Each structure stands twice: as structure tokens, then as C-alpha cells.
């Protein structure tokens, strides 16, 4: 009888106890060698001996806009299998393409308020360009993990809901020669703060002012 009471008490307390058990979180703060925060840095975590990631949802979507004759965002990370839409918000036409190994595709000339999409089903780096406007660039990092993010102007990016275990933390930026990789160990319920200092190449992007007219190219 005593054993039954203890078992019933355990069943009653288990849901309440589980409310206090939380997954791990990683907060990455990235700076250059001068101490300035780095925005547009993509980071992702791949489990080494942690539990496998949950299955990819049936429908994943992301958006890279063509606006003011630029791509927005400049860098973005997506999970493998994501459908990426390329809406044209300009009054001019664009011709979007990628010659990358993970995804070679071409979206021919399309005008304002037209949206085309591409499913990215192979991991890797997918640079995006426009055949009409050479300065237009965007970089899509396709990852095979649900744990990723992109830093903001303060150089910080957080990733939550990670099971405990060891991970490979990778960081990539268009001005890096190759991804920065390191191994970290996460414990249940902990906030893990990681500081990354990177030496970036000079920013040589050509910045364009917003288009002034309705001309079509």
C-alpha cells in the first residue's frame, strides 16, 4: 500500500517537476579584431553526441526580397528543405540566379509584385545574384539542423531549446574566408555564452541608392 501511494505521488509530481526542466540556450556575441560588433553573422549548431534533431517539418518558408535594387536580407540561414520566396518589390525587373553547388537555379526576368520560389534541399552556401544589377548580392546558408540564427546590429544571436550534449558551433560571414568552428558542451537548463572574435576582410560592397523611377530593365 505504501508503495502504491509513493507511485501515485510520483505521478502527480512529475508534470510539476517537468515545468522546471528547461532546455539549454546558446548566446553568441561576435566582434571583429577592433571590438566592433558583427552583424549578419550566421551561426548554427550540429549535435555531436547530443540527441538527433527533430524531423524537418513538411513546410518551411523563408523570404529574400528584392527591394531598392538590393536583396534583403543580405545573409540568411535556412534549414534544408526550405522553400525560399523571392518577391520583387521594385518597379524594375530582376533576374535572380545562383551558380552554387548546393543549388543552381535561375529565375528569369520578373517585374514588380511578382514572386518566385526555390526549394533548397542541399546543405551548403548559396550565393544569390541578379544578372541585371551586378551589385545585388545575398547569401543563403542552408543547414541540416533546426538550431541556427543570424546576428543583429549588436553582434548577438541566441539559439534556444537545445538538448544537453556536445555540439559543433559554426559561424560564417560573407567577409570570412571560411567558417569558424568550435566544439561546445551544453547542460540542461543552462545559458551558455560564447564570445567570438573574427578578423574580417574589408567590406567592398557597392551600395546603391533607392531606384528613382519606374523604368524596366
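Descriptive notes on the structure:
- Residues that are assigned to a loop (DSSP other than H, G, I, E, B) and within 17 Å of the chain's Cα centre (by Cα) within segment 55-97 comprise 56, 57, 59, 60, 64, 73, 74, 80, 81, listed in sequence order.
- Annotation: of all residues in segment 43-76 being in the same structural domain as residue 160 (by TED's automatic domain parsing) and at pLDDT 95 or above, the one that is farthest from residue 132 (Cα to Cα) is 48.
- On the stretch given as segment 188-217, residues that are surrounded by fewer than 10 Cβ atoms within 10 Å (Cβ to Cβ) and at pLDDT 80 or above total 3.
- Restricting 146, 127, 174 to those that are under 30 Å from residue 92 (Cα atoms) and touching a residue at least 40 places away in the same chain (Cβ under 8 Å) reduces the list to 174.
- Here residue 27 clears all of (1) under 17 Å from the mean Cα position of the chain (by Cα); (2) closer than 22 Å to residue 166 by Cα; (3) modelled with pLDDT of 85 or more; (4) in a loop (DSSP other than H, G, I, E, B) except the condition numbered (4).
- Any hit, segment 8-20, residues being in contact with a strand residue (DSSP E or B) (Cβ under 8 Å, 6 or more places away or on another chain) and at pLDDT below 95: no
- If you go through segment 94-108 and pick out every residue that is farther than 23 Å from residue 144 by Cα and either touching a residue at least 40 places away in the same chain (Cβ under 8 Å) or not assigned by TED's automatic domain parsing to the domain that holds residue 135 (or both), you end up with 1.
To keep it simple, each residue is scored yes or no on (1) crowded, with 17+ Cβ neighbours inside 10 Å; (2) free of Cβ contacts under 8 Å to residues at least 24 places away in the same chain.
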{"site": "32", "(1), (2)": "no, no"}
{"site": "56", "(1), (2)": "no, no"}
{"site": "59", "(1), (2)": "no, no"}
{"site": "63", "(1), (2)": "no, no"}
{"site": "67", "(1), (2)": "no, yes"}
{"site": "79", "(1), (2)": "yes, no"}
{"site": "82", "(1), (2)": "yes, no"}
{"site": "86", "(1), (2)": "yes, no"}
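The values are calculated or read from the model by the stated rules, or taken from the named source; none is laboratory data. Keep in mind the model is a prediction, meaning the values are calculated, not measured. Positions of Cβ are backbone-derived with ideal geometry, glycine not excepted, and every protein chain shown enters the neighbour counts.
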